[in-house]
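The values are calculated or read from the model by the stated rules, or taken from the named source; none is laboratory data. Given the structure is predicted, the values throughout are model-derived calculations rather than measurements. Counting neighbours? That spans all protein chains shown, and the Cβs are built from the backbone with ideal geometry, glycine included. Remember, those area values only see protein heavy atoms, side chains included, never the ligands or the DNA or RNA. Shrake-Rupley method; radii C 1.70, N 1.55, O 1.52, S 1.80 Å.
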Amino acid sequence: GAGVSQTPSNKVTEKGKYVELRCDPISGHTALYWYRQSLGQGPEFLIYFQGTGAADDSGLPNDRFFAVRPEGSVSTLKIQRTERGDSAVYLCASSSGDRVNEQFFGPGTRLTVL
Amino acid sequence: ILNVEQSPQSLHVQEGDSTNFTCSFPSSNFYALHWYRWETAKSPEALFVMTLNGDEKKKGRISATLNTKEGYSYLYIKGSQPEDSATYLCASNNAGNNRKLIWGLGTSLAVNP
């Protein structure tokens with residue numbers, strides 16, 4: 001079956017611009033996660049959705065970052081007024097929501113802010 | 001230990017060598033330990049999820065063990081091949097908030113042919 005997909009695979013933008021990153025989870029997975037990985041670091045948790053609602057958004061670095069999942073499937077991570085420090089690989093993962101919480105990842109979107 | 005720590009940070013081995021890495025994690029309120037392999041330009045791939053002290057899991061030439069009392073896990077690769085070259089990440093989640101995985105920085109493995 002289809003895995004987690006993310007678009008675009010690469011995004012280059014200029015400082016101050018707005019970007020949207022899309023994640024299509026595995027069908028039927030109720031939980032969806034966004035992570036950010038900067039060079040030399042492990043994945044950094046951003047936000048977790050259970051269904052349509054953001055169950056934990058404690059990892060969003062500031063109010064320029066926002067994510068939605070209006071129908072409980074596809075999610076969009078939105079970044080306003082991008083800064084060079086936002087450059088990273090943005091990973092999306094989904095899981096069935098069971099207690100063990102094995103997460104299945106997409107290939108990521110590499111965001112470069114010039 | 002408050003964070004997940006992995007060692008070594010990077011490793012270079014010759015084809016055919018066996019190798020192992022360490023993941024240390026908070027042992028209090030532990031729920032599960034995850035190992036992932038991440039090859040460049042691909043999705044992180046789940047290798048193992050372990051929950052019980054003494055768990056051992058195996059997939060082909062790769063195996064992992066878990067010690068929840070002292071808070072560590074070992075990942076072993078027997079007879080390394082160039083295609084094993086990747087970053088190996090571990091993450092733990094605890095019973096208090098099992099939705100949030102706490103990640104290590106990874107071990108970058110390069111296997112020379």
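So the values come out like this:
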| quantity | calculated |
| --- | --- |
| Surface accessible to a 1.4 Å probe, per residue, for the residues of segment B:6-92, Å² | 48 |
| Neighbouring partner chain Cβ atoms per residue of B:66-72, average, 10 Å criterion | 0 |
| Total accessible surface hidden between A and B, rounded to 100 Å², 1.4 Å probe | 1800 |
| Size of electric dipole in the protein assembly as shown: Cβ of Lys, Arg +1 and of Asp, Glu -1, about Cα centre, debye, nearest 20 | 320 |
| Segment A:32-114, relative contact order in percent, only Cα pairs under 8 angstrom and at least six apart counted | 27 |
| Whole-number percent relative contact order across chain B, with pairs defined as alpha carbons under 8 Å at least 6 apart | 37 |
| Accessible-area value, B:Thr40, 1.4 Å probe, nucleic acids and ligands omitted, Å² | 130 |
| Accessible-area value, A:Ser87, 1.4 Å probe, nucleic acids and ligands omitted, Å² | 40 |
| Greater than 19 Å apart at Cα, pairs in B:Lys58/B:Lys78; A:Lys15/B:Lys42; A:Lys15/A:Lys78 | A:Lys15/B:Lys42 |
| Chain A - charge dipole about Cα centre, Lys and Arg +1 at Cβ, Asp and Glu -1, debye rounded to 20 | 400 |
| Candidate residues B:Lys78, A:Lys17: accessible-area rank, largest first, probe 1.4 Å | B:Lys78, A:Lys17 |
| Leading residue at positive end of dipole, chain B (Cβ point charges), from B:Val49, B:Gly104, B:Ser85 | B:Val49 |
| Simple spin-label estimate for A:Leu39 and B:Gln9 in nanometres, 7 Å along Cα-Cβ | 1.4 |
| With DNA, RNA and ligands ignored, accessible area of A:Glu14 (1.4 Å probe; Å², nearest 10) | 110 |
| Which of A:His29, B:His12 is most accessible, then next, and so on - probe 1.4 Å | B:His12, A:His29 |
